[in-house]
Amino acid sequence: MAEHPAYPVGLRLSGRRVVVLGGGQVAQRRLPALIAAGADIVLVSPEATPSVEAMADAGEITWVRRGYEDGDLAEAWYALIATSDPAANTAASAEAERHRVWCVRSDDADQATAWTPATGHSEGVTVAVLTTHARGRDPRHTAAIRDAVVEGLRDGTLVAPHHRTRTPGVALVGGGPGDPDLITVRGRRLLAEADVVIADRLGPRDLLAELPPHVEVIDAAKIPYGRYMAQEAINHALVEHAKQGKAVVRLKGGDPFVFGRGMEEVQALAEAGIPCTVVPGISSSISVPGAAGIPVTHRGVAHEFTVVSGHVAPDDERSLVDWPSLAKLTGTLVVLMGVDKIGKIAETLVAHGRPPATPVALVQEGTTAAQRRVDATLATVAETVRAEDVKPPAVIVIGEVVRVGPAPSA
């Protein structure tokens, strides 16, 4: 049998009896996939790892607390033999052969009637990799191939076009703080499948250079506005391209719903009857401080953090921020879009109780190659911004957490 390659097949085990012998590490790794497949799982083992025991306690499997006995594989469709007793494994394998039950053996693949492939998943596709012959099986090699294929599907470097009619729609994708590696796996895959990408200035620009030549990339800042306001023009462009049957990605910096006006675009698409998929992104409010070595919370220092927009000054009648209340908090304050207003913000916080010596860090172009960190205090931050020529985009962190990490390099 070992001279012939294995025949690949997908087993549909939903509602069908599967017997697992042994409750150790092998079972712990294999059981989640069997549970996800909907199998009726019976575990036969005198003991089990805590994780396997938790599956039994949750009712995901039935646990028979004893060793293997002849007849345990009766009525089974599939068996996983993974005990530490070679004799029991051999006997169970023989029973599986007699009852024509497909059987995997963790201790001796050559004596098994089935092999477990290295598997991975990406958006409704299961990738399964098998070594062609039993002789020379190398699990690490098959796992490496599996990982390469799945990663290619996820990050868009391996693109398989869909040969079906696509429903017009828009994916609202949070691109993260700037580093192209910090976009989500799903966001990157949707980018790879897009016909049109409408991108913000603060989105991960490096990703746009990787798109195929046929993809139309539209800079949202340069959409002709005409009789529209800027956001209305973007909404109009999303609707019109989607109505043409194109796969449209709206690529935004950070997270679409954190000062990104994402909900306005979702509402406009809903009014036009265009389906919209929202893909959350890593917000710069936590990722940029982290990249600069600043935790927004830290035991014994800050038990909360607050994120506010600084695009309007505290004394501006349009401001919705309760700055006096923020000044009384003891936790971390993260200000986005506030570089040109930081002087007035600092002045207001001090006026309402924040100590002038409260540390402040400004992280410009966070997570990118141009990232730099400038430190100050509430008393000095306005002058520091001018002296150091700090420019947006920059995330401003106010609070004692600024001093927690290693001192910033000069």
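Return only the number of the condition from (1) buried (at least 17 other Cβ atoms within 10 Å of the Cβ); (2) in a helix (DSSP H, G or I); (3) touching a helix residue (DSSP H, G or I) at 6+ places or on another chain (Cβ under 9 Å) that Ala56 does not satisfy. Unmet condition: (3). Where strands (runs of 3 or more DSSP E) fall wholly inside region 163-247, no range has 3 or more residues that are in the same structural domain as Gly273 (by TED's automatic domain parsing), of a type outside the set (A, V, I, L, M, F, W, C) and modelled with pLDDT of 85 or more. Identify the residue in region 83-122 that is without any contact (Cβ under 8 Å) to a residue 60 or more places away in the chain and in contact with a Gly (Cβ under 9 Å, 6 or more places away or on another chain) and, among all such residues, is surrounded by the most Cβ atoms within 10 Å (Cβ to Cβ). Result: Glu95. All conditions in (1) surrounded by 19 or more Cβ atoms within 10 Å (Cβ to Cβ); (2) closer than 18 Å to Gly175 by Cα hold for Val296, with the sole exception of (2). Restricting to region 63-82, name every residue that is surrounded by 12 or more Cβ atoms within 10 Å (Cβ to Cβ) and of a type outside the set (D, E, K, R). Of everything in region 63-82, those that are surrounded by 12 or more Cβ atoms within 10 Å (Cβ to Cβ) and of a type outside the set (D, E, K, R) turn out to be Trp63, Val64, Gly67, Tyr68, Leu73, Ala76, Trp77, Tyr78, Ala79, Leu80, Ile81, Ala82. Could you tell me whether region 339-350 includes any residue that is modelled with pLDDT of 95 or more and assigned to a loop (DSSP other than H, G, I, E, B)? No - not one qualifying residue is present in region 339-350. Selection of region 322-338 for residues being within 32 Å of the chain's Cα centre (by Cα), polar (S, T, N, Q) and not in a loop (DSSP other than H, G, I, E, B) yields only Thr332.
Screening Glu317, Glu264 for residues that are more than 22 Å from the chain's Cα centre (by Cα) and in a helix (DSSP H, G or I) leaves exactly one candidate, Glu264.
The residues of region 207-254 that are without any contact (Cβ under 8 Å) to a residue 12 or more places away in the chain, of a type in the set (Lys, Arg) and within 26 Å of Gly178 (Cβ to Cβ) amount to a single one, Lys222.
The values are calculated or read from the model by the stated rules, or taken from the named source; none is laboratory data. All values derive from a computational prediction rather than experimental measurement. Every residue, glycine as well, gets a Cβ built from its backbone with ideal geometry; the counts of neighbours run over all protein chains shown.
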